[in-house]
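First up is the structure itself, then whatever we jot down about it.
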Amino acid sequence: TSKVYNVTTVKNNAFYWSPLRGITFKGPIKRVGDQAFYNCSLEKVVFEQAVDTIGYRAFYYDRALQDVTFNSTLKVLCDEAFYYSSVQNLTLPLGLDSIGERCFTYTGLKNIVFPEGFSKIGKYMFSQCYDLESITIPGTVKVVSPYAFYGCNKLQFTLEEGVEELGEEAF
């Protein structure tokens, strides 16, 4: 059944091993805690308003996850936020200040869209994303760090004018 709760913070391990299939957060969220959705059955998550921080391994090992939607801004994705989840579709929203290392390592990502103004693709950010097929790296990205796309064997990419540095084994 559907219930509506006023939530501004999702604590660490809040939905640990939960059988919940989908969730929509209608109000702004200060923080989604570390391992908040660890190994649960979520298929779809929607954040309708601003999110400040998605914590360390927030969606770790969520093997059912398909779509995560941010309808507003997001400031920080911590290290390994989606590590080893099966998330396939993700559009990163405006306002994103930083993405931690290994944020999307071993995910099921097929497509990703970067927001305008994003400037750095971090170390190991998409490594071992075996299903990642295409990506356009906007000219606002100045640095693609070492091993950023390491092991992405299906990847075809476009570098727009403006990218200044490609790290060791970036691709």
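The values are calculated or read from the model by the stated rules, or taken from the named source; none is laboratory data. None of the values given here were measured: they were computed from a predicted structure. All Cβ positions, glycine included, derive from the backbone under ideal geometry; neighbour counts span all protein chains shown. We work out accessible area using only protein heavy atoms, side chains counted, and drop any ligands, DNA or RNA first. Shrake-Rupley method; radii C 1.70, N 1.55, O 1.52, S 1.80 Å.
Can you pull out the GluC sites (Glu not before Pro) in the range 66-121 that DSSP calls coil and that have at most 10 other Cβ atoms within 10 Å? Don't skip to the answer; put the middle values down first.
Numbers: sites: Glu80, Glu101, Glu116; in loops: Glu80, Glu101, Glu116.
Filter output for the range 66-121: Glu116.
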Dimensions (Å) - the range 87-171, Cα atoms, principal axes, largest first:
27, 26, 22
For the range 13-101, state which trypsin sites (Lys or Arg not before Pro) are in a DSSP loop and have at most 16 other beta carbons lying within 10 Å of their beta carbon.
Arg21, Lys26, Arg63
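I'd like the carbon and sulfur percentage of the solvent accessible area for the range 35-97, probe radius 1.4 Å, heavy atoms only, ligands and nucleic acids excluded. Show your work: numbers first, answer last.
Values: 880 of 2350 Å².
Percent of accessible area from carbon and sulfur atoms in the range 35-97: 37.
Counting only C-alpha contacts under 8 Å and six or more residues apart, can you give the relative contact order of the chain as a whole percent?
Relative contact order here is 13 percent.
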When all C-alpha to C-alpha distances in the range 119-161 are sorted into bins of 5 Å, what percent of pairs does each bin hold, rounded to whole numbers?
7, 25, 29, 30, 10, 0
Normalized C-alpha radius of gyration of the range 6-54, against 2.2 N^0.38 Å?
1.05
Just to confirm, what accessible area per residue do you get for the chain at 1.4 Å probe, in whole Å²?
51 Å²
Place +1 on the Cβ of every Lys and Arg and -1 on the Cβ of every Asp and Glu in the range 62-121, take the dipole about the Cα centre, and give the residue among Phe82, Leu92, Asn111 whose Cα lies farthest towards its positive end.
Asn111
Using 7 Å Cα-to-Cβ label points, what is the Val46/Ser98 separation (nm, one decimal)?
3.2 nm
Return, for the Cα atoms of the range 1-156, the radius of gyration and Dmax in Å, separated by a comma.
14.6, 47
Starting at the first residue of the range 40-47, write each ³J(HN,Hα) from the Karplus equation 6.51 cos²θ - 1.76 cosθ + 1.60 with θ = phi - 60°, in whole Hz, x for Gly and Pro.
9, 9, 4, 9, 9, 10, 10, 10
